[in-house]
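For reference, the structure discussed in these notes is given below.
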There are 2 protein chains.
Amino acid sequence: MNQTEAPYPQVLVSVDTVVLTLQDDALHVVLVRRSQPPFEGVWALPGGYIHAQEDADAQDSAVRVLRDKVGIAGAYLEQLATFSGPARDPRGWSVAIAYCALVSSAQLPPHDGVKRVPVAALGQLPFDHHAIVAAALARVRNKSQYSSLPVHLCGETFTLPQLQQVYESILGEPLNKVSFRRKMDEMQLLEAVPGAMRSGGAHRPAQLYRVRAPFQQALALSVRGL
Amino acid sequence: MNQTEAPYPQVLVSVDTVVLTLQDDALHVVLVRRSQPPFEGVWALPGGYIHAQEDADAQDSAVRVLRDKVGIAGAYLEQLATFSGPARDPRGWSVAIAYCALVSSAQLPPHDGVKRVPVAALGQLPFDHHAIVAAALARVRNKSQYSSLPVHLCGETFTLPQLQQVYESILGEPLNKVSFRRKMDEMQLLEAVPGAMRSGGAHRPAQLYRVRAPFQQALALSVRGL
DNA sequence: GAAATAGTGTCTCTTAGACATTATGAA
DNA sequence: TTCATAATGTCTAAGAGACACTATTTC
């Protein structure tokens, strides 16, 4: 920020969110139907303007957008990147501060004008929302290679086989079971819940785990990946 | 102030740049003396407003700021993060899209009202520039653990011992020479220049290298770090 | 007991770092 | 020849993955 060049240009500033969740072992992105022009009636990323009187910062704006337009509270949220230029919005030169949220299916209640679309089957999106989603996917897939990020797609408790399946769904490749468990152990990310889960049927039940308190918000990092 | 259209928030948007360079084996950040209020006469990060008529996007604005205010052209530049809130600028709720640039000493010519300060001896900075610098340092130190990022602090050609010293200056710890060379080799980042460099004195000269064309802009990544 | 999945033990192959050795120029 | 640093060879320790084996539930 620096010395003025006369009047400030009129630049539109908004916040867009990429909400990712898992359904049927596949990443889905949440879209909302736009109620106003431009692109009225079109499915798009949840977004909105900054409320200067109300928001403590842009992340706070994103939290508000998620609450009001998607009905989500308490999601894992991180800033993704900022997209800008004269062409991305027909109203003129604009800036979109993009955030990425990860939620479990349970955190995502049915909500009017909200749907989930598999990222593999995303159609056309308005604005540059396709590029924003692509950036979110790249970020999540990259971070999943060395951090605990994917736990935010799970519910309160989960089994290690379930968590491994979540990682595999994101990364798109199978993982070695022994190595996976070694890494989870090293990260000291999880604690066992004293109760076993019984899955579908005729087999040994799996131990349930929850995320340890220090990592409810922060990520755990694995030194040498995975 | 210009609150022309009702639904759009009154938010100031600017671009700030953290220019990092090496001097005496220590990271330095480039500051410019502000010529206008607020904080007139104070040393701060180079920044400026977006020129909607002129800039193709915010990164383009950053390139222009670096050219006009610091005299830099062709620097490695990447978006860092976006800082926002009501308190960071006395003029009101503001958004700063921050970029990080890495330049060699040679790319940074003497320029009026421009100085380099060791990051270890950074005093007070106006706005939230201290947080922006901290984010840049965290990013650069992290990425230097697994990528070719530090080559952008070197000049056109350099020796492997020099490059290792650059990495060590950034990371703040010595590296294993054999492993370092293995990794550089695996990344296929460098190509030898047919001419040896003679350093200070009575010892074997070192081979000069340059960055291979595919990595002039993009980064080379090492799978398992370093 | 059979089937199915959870969880662990162990071996091997790969990789990283420590150390030692050779190379090459200047004084 | 000595000195200083460049460059490389090699051994060892640590880590990751493959595989196999045990555990525990339902039917």
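The values are calculated or read from the model by the stated rules, or taken from the named source; none is laboratory data. A quick note: this is a predicted structure, and the numbers were derived from the prediction, not measured. No Cβ is skipped: glycine too gets one built from the backbone with ideal geometry, and neighbour counts run over all protein chains shown.
Just one of the listed residues (B:ALA136, B:ALA120) is of a type in the set (A, V, I, L, M) and under 16 Å from B:GLY47 (Cβ atoms), namely B:ALA136. Beta carbons closer than 8 Å, at least 6 apart along the sequence or on distinct chains, pair a first residue in region A:39-63 that is within 10 Å of chain B (Cβ to nearest Cβ) with a second that is of a type in the set (Gly, Ala, Ser) and in a loop (DSSP other than H, G, I, E, B) for A:ALA52/B:GLY92. For region B:97-116, state whether one or more residues are in contact with a Phe, Trp or Tyr (Cβ under 8 Å, 6 or more places away or on another chain), away from chain A (no Cβ under 11 Å) and surrounded by fewer than 20 Cβ atoms within 10 Å (Cβ to Cβ). Looking for residues that are in contact with a Phe, Trp or Tyr (Cβ under 8 Å, 6 or more places away or on another chain), away from chain A (no Cβ under 11 Å) and surrounded by fewer than 20 Cβ atoms within 10 Å (Cβ to Cβ), one finds at least one in region B:97-116, hence yes.
Inside region A:181-190, can you point out the residues that are away from every other protein chain (no Cβ under 14 Å) and more than 9 Å from DNA strand C (Cβ to nearest atom)? Within region A:181-190, A:MET184, A:GLU186, A:MET187, A:GLN188, A:LEU189, A:LEU190 meet the criteria.
Going through (1) at positive phi; (2) within 9 Å of chain A (Cβ to nearest Cβ) one by one, B:ARG88 falls short only on (1). Restricting attention to region B:125-139, does a residue exist that is of a type outside the set (A, V, I, L, M), in contact with a helix residue (DSSP H, G or I) (Cβ under 7 Å, 6 or more places away or on another chain) and within 13 Å of chain A (Cβ to nearest Cβ)? No - not one qualifying residue is present in region B:125-139. Give the residue, chosen from B:VAL166, B:VAL151, B:VAL193, B:VAL223, that is β-branched (Val, Ile, Thr), away from every other protein chain (no Cβ under 14 Å) and within 16 Å of DNA strand C (Cβ to nearest atom). Step by step, each of B:VAL166, B:VAL151, B:VAL193, B:VAL223 is checked, and only B:VAL193 is β-branched (Val, Ile, Thr), away from every other protein chain (no Cβ under 14 Å) and within 16 Å of DNA strand C (Cβ to nearest atom). Only residues that are at pLDDT 85 or above, surrounded by fewer than 15 Cβ atoms within 10 Å (Cβ to Cβ) and among the hydrophobic types (A, V, I, L, M, F, W, C) were counted across region A:194-220, and they come to 3.
So that you can scan it fast, the table gives a plain yes or no per residue for (1) more than 21 Å from A:ARG224 (Cα to Cα); (2) surrounded by 13 or more Cβ atoms within 10 Å (Cβ to Cβ):
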| site | (1), (2) |
| --- | --- |
| A:LYS143 | no, yes |
| A:TYR146 | no, yes |
| A:SER169 | no, yes |
| A:ASN176 | no, no |
| A:LYS183 | no, yes |
| A:ALA192 | yes, no |
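In this structure, is A:ASP25 among the acidic types (Asp, Glu) and more than 27 Å from A:CYS154 (Cβ to Cβ)? Considered against the rule, which asks whether it is among the acidic types (Asp, Glu) and more than 27 Å from A:CYS154 (Cβ to Cβ), A:ASP25 comes out as no.
A quick yes/no check of all residues on (1) among the small types (Gly, Ala, Ser); (2) outside the structural domain of A:GLU40 (by TED's automatic domain parsing); (3) on the phi < 0 side of the Ramachandran plot; (4) surrounded by 14 or more Cβ atoms within 10 Å (Cβ to Cβ):
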position	(1), (2), (3), (4)
A:PRO118	no, no, yes, no
A:LEU125	no, no, yes, yes
A:ALA136	yes, no, yes, yes
A:GLU156	no, yes, yes, no
A:THR159	no, yes, yes, yes
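Within region B:58-72, not a single residue is in a loop (DSSP other than H, G, I, E, B), over 26 Å from B:PRO150 (Cβ atoms), in the same structural domain as B:HIS130 (by TED's automatic domain parsing) and of a type in the set (Gly, Ala, Ser). In the set (1) in a strand (DSSP E or B); (2) of a type outside the set (Lys, Arg); (3) within 14 Å of chain B (Cβ to nearest Cβ), the condition left unmet by A:LEU27 is number (3).
Total residues in region A:168-226 satisfying the condition of being within 10 Å of DNA strand D (Cβ to nearest atom) and aromatic (Phe, Trp, Tyr): the figure is 1. For region A:65-80, the count of residues that are modelled with pLDDT of 95 or more, over 28 Å from A:ASP25 (Cα atoms) and within 14 Å of chain B (Cβ to nearest Cβ) is zero.
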